[in-house]
Structures are given as structure tokens and as C-alpha cells.
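Worksheet for the structure shown next.
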Amino acid sequence: MATLTDARRVVVKIGSALLVDRTTGDLRADWLRSLAEDVAWLKAQGADVVLVSSGSIALGRGVLGLGQGSLPLEQSQAAAAVGQIRLARAYEEVLAPHGITTAQVLVTLEDSANRRRYLNSRATLETLIGLGAVPIVNENDTVATDEIRFGDNDRLAAQIAVTVGADQLILLSDVDGFYSKNPMQHDDAERFPVIDRITPEIEAMAGDAGSGLSKGGMKTKLMAAKTAVAAGCAMAITEGSAHRPLKALAEGANATWFTAQTDPQAARKSWIAAMKPIGRVMLDEGAVAALNRGKSLLPAGITMVDGAFERGDAVALIDTRGVVLGSGLSRYSAEEAMRIKGHRSTEIEAILGYPGRAALIHRDDMALQEMVTKQ
């Protein structure tokens, strides 16, 4: 079973009910400061941390005097616009004393469905993490066209975990795990400490419970778990209202862990390998040797580009004999790749007229066949 102390990269989802006092609509500042201590503690252990935080609408509606009832779409968007500023500032203020830089990242579920936008999101988040920052991710509710549902942040957190290759996803909730029945209504409800497989029976146990501030229930959490574990990311549901909730989880607080059967890197490679390539690029011998050493594919090592692919599409990698070495997600369109093939990365801006990525295909976006390492 996974434990938080083993995490290399962890995504933590914080629900509205934990951040905002249900009675006053004010931020629970003391609790947030304790969470900041947990984030600093995880980073001190060498773990990367990404926070996916609800709360902008819950904060904004109090400022605008919109009460606690259901809101029409335009009022939800207005509340999000007001609350998001306060939410970002609050995280900055509690993490700065620990020497931690924060970054606000607003995304939608569509950003992970479209491969081009997915690559943009992944590159931005990876760069922020690499620079030591803690991204604070939230759904961009101010421009949502569908009905806003707080529960979407459970699924969003899982998709962010997949995007950044996290090995653990923690959902801080108002319940301390997954139960066989609603524990608020049934005294004989049983909490599952570990779930190795999400069966139809497990799915049937999920209810639609939610608080006055959050509409997310166990169904959205199970959807998140399916997404996470399929990508090699273990997921935990734990009660988060007490101070230092992550430290408490590491020390054995009640939780339900959904186990992953593989690791994030292997799962990602399998996903890429399963894609049907839209185009091909031919590599010279130097590029093949670089791939054998675990390097990314640079434009300088490409001798031929074939197909009509766009950025984010899968392309086959072939050697000078036409042997397929694997496939990867291109960071350039076919037209752009044709123009920069054979050139150094430092020449890309002069050729295309704008700064580009140094690699045509990053090593993390590549799935190579075993025969590559044998050549």
C-alpha cells in the first residue's frame, strides 16, 4: 500500500468545505496555514507538490452577498472572478513564509482532452515544478459554458495528476474514506482502508453525498480514482478538516487508498504506444544513439518528415533503414518540423519567427520499442 512519505510527486485536492467556513463564508485562515506547513514538510522530504484547490466561488459569493443557495451560471462566474483573486493571494501569503513560490494555473477539463492544449499545460506545470514553485490549480470557472459543479475538481485533480506524472493523489474531503454505505445515515457502514480494484460492487456503493459548499460526492471521487490508478498514480481519500491533514495521513489517519498496478512513467509510455501514428520522422544515426542514451529527439537529428500531423499528434520514429523505433508526441506540426529538421535548436526562433521548444519530441513523450536499445 502507498504511503504519503513515499511520494515523489503528489497532487493534493482541497475541497471548498475545508477552505471556507460554511456559516460565515470566510476563509479558514488557520487551517490553510497548517496546510502550508504540510506542503513545506513534503517539499523538505524531496517531493514535488501541486495543489488543486476549490473555493473561488465559495469565497466570492460571500463577498458579493449571494448567500448559500444555488446560483445561476452568470452569478457563479462572477463569484469565481472575485473569489479567485482572494484564493490565490491567500495561498501566496501562507506559503511565502516557508520560502515557497506559488503560481496560479487556471485550466478546464478540456485542457487535458485536447492533446495540443494538454502538452501546453504539461510543459507549463513541469517548468514551474522544475523551478521549485507550487502550482495552485483551479478550474477556470469564470469562463465556463456548462453548469459549474464543484465536484469536477475531483476529476480535474486526477487529470492534473496524470498530466504531471504524479505517483500519489490525495483528496482532502469531509469524509475519512470510502464507505460501503453513507456513514452519516448508517451506523453499520464499513470503511475500506485499501481498494485494489474498482469493481461494479464498489461503484454501486458510491452515493451522491455533498456539503452545502461542495456538490462533489463519492461518484466523482471514484471517477477520479479510475483515472489516477490507470495512469499509475495511487489515490487516497481522507478527512481534511483538522490541522496538518497531510502529516496526519502520513502518520496513519483514517483513509482509503486506491492502489495503482503500475508506475506513472510506464503507464504513460503504454498510452503513447497505443496511439496510431499520424506521420513519420526519420532519424540519423546520431539521433538514434541519443535515444539509446535516454535523450530527447532534437530537430538536428531528423532527416525526413512525412505526413500531415499537428502539434500533439503521435508520429512514428524510424531509422535510415525504415525500421520503426517507436513513437512520440510531436511538439511541432509537420510543416514546422519540415522547416527546422537538420537544424540546431538555437536556430529555431530565426527559422520559425518565434521561440520554440528545444526538442521535437521530449523523452517523456516517447515510447520506444525494445529493438532500439539493441541496435
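Within the stretch 171-210, being free of Cβ contacts under 8 Å to residues at least 60 places away in the same chain, acidic (Asp, Glu) and in a loop (DSSP other than H, G, I, E, B) holds for Asp187, Asp188, Glu190, Asp208.
All conditions in (1) assigned to a helix (DSSP H, G or I); (2) over 30 Å from Gln261 (Cβ atoms); (3) touching a strand residue (DSSP E or B) at 6+ places or on another chain (Cβ under 9 Å) hold for Ile100, with the sole exception of (1). Within the stretch 1-24, residues that are over 18 Å from Arg89 (Cα atoms) reach partners that are of a type in the set (Val, Ile, Thr) and not in a strand (DSSP E or B) with beta carbons closer than 8 Å, at six or more positions or on different chains, in the pairs Met1/Thr259; Ala2/Thr259; Arg9/Ile129; Arg9/Val164; Val11/Ile160; Val11/Val164; Val12/Val39. If you go through the stretch 228-249 and pick out every residue that is surrounded by fewer than 21 Cβ atoms within 10 Å (Cβ to Cβ) and either on the phi < 0 side of the Ramachandran plot or under 14 Å from the mean Cα position of the chain (by Cα) (or both), you end up with 7. Is one or more of the residues making up the stretch 80-91 of a type in the set (Ser, Thr, Tyr), in contact with a helix residue (DSSP H, G or I) (Cβ under 9 Å, 6 or more places away or on another chain), within 28 Å of Ser121 (Cα to Cα) and without any contact (Cβ under 8 Å) to a residue 60 or more places away in the chain? So far as the stretch 80-91 goes, yes, one or more of its residues are of a type in the set (Ser, Thr, Tyr), in contact with a helix residue (DSSP H, G or I) (Cβ under 9 Å, 6 or more places away or on another chain), within 28 Å of Ser121 (Cα to Cα) and without any contact (Cβ under 8 Å) to a residue 60 or more places away in the chain.
Is it the case that Ser270 is under 21 Å from the mean Cα position of the chain (by Cα), outside the structural domain of Ala36 (by TED's automatic domain parsing) and among the polar types (S, T, N, Q)? Yes: the conditions hold for Ser270. Considering the stretch 100-115, and only residues there that are over 13 Å from the mean Cα position of the chain (by Cα) and exposed (fewer than 15 other Cβ atoms within 10 Å of the Cβ), the residue that is modelled with the highest pLDDT turns out to be Thr101. Considering only residues in the stretch 365-375 that are farther than 13 Å from Ala290 by Cα, part of a helix (DSSP H, G or I) and in contact with a strand residue (DSSP E or B) (Cβ under 9 Å, 6 or more places away or on another chain), the one that is modelled with the lowest pLDDT turns out to be Met371.
Filtered by the rule that a residue be under 20 Å from Met338 (Cα atoms), touching a strand residue (DSSP E or B) at 6+ places or on another chain (Cβ under 8 Å) and charged (D, E, K, R), the stretch 248-302 gives Arg280, Asp284.
The values are calculated or read from the model by the stated rules, or taken from the named source; none is laboratory data. In this text, all values refer to a predicted model and were calculated from it rather than measured experimentally. Cβ atoms come from the backbone with ideal geometry, glycine included; neighbour counts cover every protein chain shown.
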